[in-house]
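Below is one structure, written out as structure tokens; the observations come after it.
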Amino acid sequence: MMALMAAAATTAFAQDAVKEAKKLVSKGDFDQAVQMLTKAVTSSETTDKAAAWNELAQAYYGKFSAIQTAEMENKVKQQMVSYDTLAMNRSALEALKAALKCDEFDRQPNEKGKVKVRFRHANQPKMQQARLALINAGLYEYNHQNMDGALENWSLYLDSPTDPFFTGMEDIADVSKDQYRSEIAYYAGLVAYQKKDYVNAVKYATMAAQDPEKAADANEIMLFSKKETLKDKADSLQYLNMLKDLRKENPNEDRYFNLLMDYYTRANDQKALKAWAEEEIAANPQNKMAWALKGEAQMNDREWDNAVVSYLKAVEIDPTFVQCIFNAGVCLNSKAIDLKDELADKNTGGLTRENAEKVKAILAEAKVYLEQSKELDPYREKVNWAYPLYQIYYSLGDDAKASEMEKLVNSK
């Protein structure tokens, strides 16, 4: 009997705390009400959890509203009376969280299996204001380098419209009518990426990408997040396919091409690199970088003639593409070296006059491209033409120029 009486007293105390907190809220003593209700909402003795959470929402909203009113009065009267911005922002956040929790308990069936929502209708207009306040609250935290706080505010702003609490509020529930959504989603995704929270980075970047004006930047967050979480071949393939799809959808957007180039270069798979370069060339024959990449793959496979053709295709498109001009010369120089080894006498290592002329003809052709790269890049900022030119001048018997190149080679 005494145990039952003690349990009844504890339950009564928990419910009385909710009633007492309601009085405190009406008096404007919000902090004490919050302190009292924080215990009540987590107490197993509180039988009406929805009512307890509702009062907590009122306490937080009351504090938010009071500080917001003071802020507005400052602006209207052009006064400099201080107010607690951080407390105002935090109260808006906690008010909405408490209201959502209240609604979660409130829509649970009663002992008769019926659902009777009591608090939603009255709370909706208040929490609509609290939710809007989360935009500036997140910005405040972001500007004060609190990335956790920024993401918490913006996440709740973005996620809450799908909660049943906002049922019937078309302006919130219909996210297509939200003029701030894509902007906030972009920054939420960016903050999540900076925090290495790649799941939320992808989530919010996907939201932002629905806005054509934000799509390019948001897709970049999404792609970099996916890239950071690659674990196996399946992940890599998913990332690659996403990237290729974006490339096809946005053929004039260089960032996707650059990301694909980075992917294939890092993979160090010359066959795959060549195949992709050919896909790009088929889609746009004027893509100089695709021709350059095809030439690189062919060069690495020692397909000297094919590589030269590809490099010169890139040069046709851009006559100042010094890297491709240089590589064409290097390929021809390498071709000459291979031919010399192939034609050399097996015993003496020497060449007949006829074979020597064949080698020199290729070296002379290589010299043209390497000298051209020297003219375009005299300070060797993009390509280091000194050593291959030294090799060619030496092989062709031009001692003066070979000596000149040797000095440059030894100077660095």
*Give the number of residues within segment 362-401 that are under 22 Å from D341 (Cα atoms), crowded, with 18+ Cβ neighbours inside 10 Å, of a type in the set (G, A, S) and without any contact (Cβ under 8 Å) to a residue 40 or more places away in the chain.*
1
_Residues that are hydrophobic (A, V, I, L, M, F, W, C) and in contact with a helix residue (DSSP H, G or I) (Cβ under 7 Å, 6 or more places away or on another chain), drawn from segment 131-160_ = A133, L134, I135, A137, M147, A150, L151, W154, L156, L158
*Would a scan of segment 311-322 turn up a residue that is of a type in the set (S, T, N, Q) and in contact (Cβ under 8 Å) with a residue 24 or more places away in the chain?*
yes
*Could you list, in sequence order, the residues of segment 167-197 that are modelled with pLDDT under 95, open to solvent by less than 40 Å² (accessible area, probe 1.4 Å) and outside any loop (DSSP other than H, G, I, E, B)?*
I172
*asked:* All but one of (1) of a type in the set (S, T, N, Q); (2) within 23 Å of L312 (Cα to Cα); (3) crowded, with 16+ Cβ neighbours inside 10 Å hold for N219; state the number of the condition that does not hold.
replied: (2)
_segment 298-331: number of residues that are open to solvent by 20 Å² or more (accessible area, probe 1.4 Å) and closer than 16 Å to A275 by Cα_ = 5
*Under the condition of being open to solvent by 60 Å² or more (accessible area, probe 1.4 Å) and of a type in the set (D, E, K, R), which residue from segment 46-80 is farthest from K97 (Cα to Cα)?*
K77
*May I ask you to list the residues in segment 241-283 that are under 12 Å from L293 (Cα atoms), surrounded by 14 or more Cβ atoms within 10 Å (Cβ to Cβ) and in contact (Cβ under 8 Å) with a residue 12 or more places away in the chain?*
F257, L260, M261, Y264, Q270, L273, K274, W276, A277, E278, E280, I281
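The values are calculated or read from the model by the stated rules, or taken from the named source; none is laboratory data. Here the structure is a predicted model, which means the values were calculated and not measured. For neighbour counting, all protein chains shown are included, and Cβ atoms are generated from backbone atoms with ideal geometry for every residue, glycine included. We work out accessible area using only protein heavy atoms, side chains counted, and drop any ligands, DNA or RNA first. Shrake-Rupley method; radii C 1.70, N 1.55, O 1.52, S 1.80 Å.
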